[in-house]
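The values are calculated or read from the model by the stated rules, or taken from the named source; none is laboratory data. In this text the structure is predicted, and so the values were computed from the model without any measurement. Don't worry about glycine lacking a Cβ; one is built from the backbone with ideal geometry, like all the others, and counts go over all protein chains shown. Note: accessible area is taken over every heavy atom of the protein model, side chains too, but ligands, DNA and RNA are not part of it. Shrake-Rupley method; radii C 1.70, N 1.55, O 1.52, S 1.80 Å.
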Amino acid sequence: MSTAADQGWPWAGPQPSVPPRPRTEPTNGTRPTSVDNSKTRTGGGFNPSIGLAVNKTVVNGKGAPAAPGAGATGGTGGKVPGSDFMSNEDIRAFCEYLRKESRNRATERAMDADHLEAVLRTIPDGGGSLHGARARARRVSRWLRKVAAAEKNIQKYSAMIYGTFEREYESDLRKVGKGRTQPPRPTKFGWR
């Protein structure tokens, strides 16, 4: 008996004979451009690699002075951005700088607290017992966690500085804002 594909429809005319595709095993990434079908077909294979890299740069001695504007603080020559407080843009830049720096420090301190606790857990007490090591490690690392929480508060308060500044000085900012023109004063109409 022939298949439906071999018979064709009477109105379509004769159909060319096409050999069936051979069934093959799923490839397992043997070619550089191939897909690992054995994992993706069943939904498996999601295995992200998680790693942690910490770079620490230590500079010993004094090198050549950096060019002005080439500092790590965004082109201000080592000065905190916006610390002149001469305009609302300066105040905004200062608050953004504080917020971003404290976010980085909070993350670092939280990771430091975890690392410190992990290291201190492995230290036995004077009698050689690890019975209370976890509690001792938590008591010590608690203070570093409080430092991380304080950095998070710095983030919050830095954002609140600019919000409060805008609210308190809104009318003054409207008067001197860039691109805003003063409305003309109404002239007093008189016959004389």
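For this structure, a couple of remarks:
- Entry remark, the stretch 102-118: residues being open to solvent by 70 Å² or more (accessible area, probe 1.4 Å) and more than 30 Å from Pro81 (Cα to Cα) number 2 in total.
- Qualifying residue in the stretch 90-101 (condition: in contact with a Lys or Arg (Cβ under 7 Å, 6 or more places away or on another chain) and either open to solvent by 70 Å² or more (accessible area, probe 1.4 Å) or modelled with pLDDT of 85 or more (or both)): no
- Hits in the stretch 127-179 - residues which are in a loop (DSSP other than H, G, I, E, B) and open to solvent by less than 90 Å² (accessible area, probe 1.4 Å): Gly127, Gly128, Ser129, Gly132, Gly177, Gly179
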